[in-house]
Amino acid sequence: PESAEMSTFSGDETAPFFGFLGAAAALVFSCKSFDSLLRFPDFVSLILCVSVVLMFCILCCFPDVVEFTVEIGMGAAYGTAKSGVGVASMGVMRPELVMKSIVPVVMAGVLGIYGLIIAVIISTGINPKAKSYYLFDGYAHLSSGLACGLAGLSAGMAIGIVGDAGVRANAQQPKLFVGMILILIFAEALALYGLIVGIILSSRAGQSRAE
Amino acid sequence: MSGVAVVHASSWGAALVRISPYTFSAIGIAISIGVSVLGAAWGIYITGSSLIGAAIEAPRITSKNLISVIFCEAVAIYGVIVAIILQTKLESVPSSKMYDAESLRAGYAIFASGIIVGFANLVCGLCVGIIGSSCALSDAQNSTLFVKILVIEIFGSALGLFGVIVGIIMSAQATWPTK
């Protein structure tokens, strides 16, 4: 068998194509309803979400820069749905507490805003006419998006489940409102950590010195 | 020889070395923060839901048992620290050197470090969360049990630290070829 030397194919030309394809897929996936996932036990839907996203990214072997928005969308959707079900169940017996119990739903929605921030940062950074967009930049953006996305997905699940338990318990014991809010704040901070690391990573994208 | 990777055209190595080291680095950094936060979130919702449920009849346990939630949050902070360290190890190399053996090794080192930290923090967060949930439930029944079970939780949180230590040692291997 003959040996093969490395080709000089760098993949730079394909970087923006997959980035924009990822943005389109991300929007479609985040708008699609994931109600069917919620019928499975929690860990199964989690494994499904994470494996779908990781499989998509690794199979491509190219930067898919805004695919992460899928994950943020899933996180916000899960949080909203799970705690919303709790509010609805609780509201049957104590309708006056419903407006107070909207807090977990709002916090889950904020995760979507974190995803929007990173999406805008990344997509305004992909501009091959103004500045060359190398493979290094593409992968820095991929890493930024994945970091923010996985963190947002996890935080959304935590907010959903804690919010569900919290609003139901708050209906029976009013002293627990402050405790529920404190735990929800810790869960929200997780998505914030992902946002911070995402912003740091996407700022690395302009520092490529390929030649 | 400058260390260009030469492999047989028909082996699995040929496929592996054609994947850019930036792929591995990017996925490694994302896993180190993403899976750590996953572990932290998993722990927080296991502890949080048990804590809130137990506190219906015993609201006094709420403020003390928030320490279990803070232990889980620390797991996510470990992931953030290592992700920031790993991204400083990420360097851009000229495309002529991108598939050299040395830069492939740097990519694999960042990937491995990310996996080490991410999955160690995943299981640590899960462990601390389950222990924290039992801590809350038993504290609601008998308040002398809180400190005893907290000791078990401290042993559990050491797992994440082990992962961080090994990950940081591994990341020192990530040296890219200079121009």
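The values are calculated or read from the model by the stated rules, or taken from the named source; none is laboratory data. Source: prediction; values computed, not measured. Cβ coordinates were reconstructed from backbone atoms using ideal geometry, including for glycine residues, and neighbour counts include every protein chain displayed. Surface areas here come from the heavy atoms of the whole protein model, side chains and all, with no ligands, DNA or RNA. Shrake-Rupley method; radii C 1.70, N 1.55, O 1.52, S 1.80 Å.
Taken over the range B:28-49, the residue count meeting the criterion of being more than 7 Å from every other protein chain (Cβ to nearest Cβ), open to solvent by less than 10 Å² (accessible area, probe 1.4 Å) and within 17 Å of A:A147 (Cβ to Cβ) is 4. Residue-level check: of (1) surrounded by fewer than 24 Cβ atoms within 10 Å (Cβ to Cβ); (2) of a type in the set (S, T, N, Q); (3) closer than 22 Å to B:S49 by Cβ, B:N121 misses just (1). Out of everything in the range B:99-114 that is more than 15 Å from B:I168 (Cα to Cα) and in a helix (DSSP H, G or I), what residue ends up being modelled with the lowest pLDDT? Going through the qualifying residues, I end up with B:A101. Beta carbons closer than 9 Å, at least 6 apart along the sequence or on distinct chains, pair a first residue in the range A:143-156 that is more than 7 Å from chain B (Cβ to nearest Cβ) with a second that is open to solvent by 10 Å² or more (accessible area, probe 1.4 Å) and of a type in the set (F, W, Y) for A:C148/A:Y114; A:G152/A:Y114; A:L153/A:Y78; A:G156/A:Y78. If I filter the range A:113-123 for residues that are out of contact with any strand residue (DSSP E or B) (no Cβ under 8 Å at 6 or more places or on another chain), closer than 17 Å to A:Q207 by Cβ and buried (at least 21 other Cβ atoms within 10 Å of the Cβ), do I get at least one hit? Yes, the range A:113-123 contains a residue that is out of contact with any strand residue (DSSP E or B) (no Cβ under 8 Å at 6 or more places or on another chain), closer than 17 Å to A:Q207 by Cβ and buried (at least 21 other Cβ atoms within 10 Å of the Cβ).
Scanning the range B:81-118 for residues that are farther than 18 Å from A:L146 by Cβ, open to solvent by less than 20 Å² (accessible area, probe 1.4 Å) and not hydrophobic (A, V, I, L, M, F, W, C) returns B:S92, B:P94, B:D100, B:S103. Whether a residue is without any contact (Cβ under 8 Å) to a residue 12 or more places away in the chain, part of a helix (DSSP H, G or I) and in contact with a Gly (Cβ under 8 Å, 6 or more places away or on another chain) was assessed, and B:S96 does not pass this test. If you go through the range A:190-204 and keep only what is touching a residue at least 12 places away in the same chain (Cβ under 8 Å), more than 7 Å from every other protein chain (Cβ to nearest Cβ) and open to solvent by 10 Å² or more (accessible area, probe 1.4 Å), you end up with A:L192, A:L195, A:I199, A:S202. Among the residues in the range A:82-100, are any hydrophobic (A, V, I, L, M, F, W, C), under 27 Å from B:I44 (Cβ atoms) and within 11 Å of the chain's Cα centre (by Cα)? Scanning the range A:82-100, I find no residue that is hydrophobic (A, V, I, L, M, F, W, C), under 27 Å from B:I44 (Cβ atoms) and within 11 Å of the chain's Cα centre (by Cα), so the answer is no. Within the range A:83-102, the only residue that satisfies the criterion of being among the polar types (S, T, N, Q) and open to solvent by 30 Å² or more (accessible area, probe 1.4 Å) is A:S89. The set of residues in the range A:158-176 being open to solvent by 10 Å² or more (accessible area, probe 1.4 Å), within 20 Å of B:S68 (Cα to Cα) and touching a Leu at 6+ places or on another chain (Cβ under 9 Å) consists of A:A165 alone.
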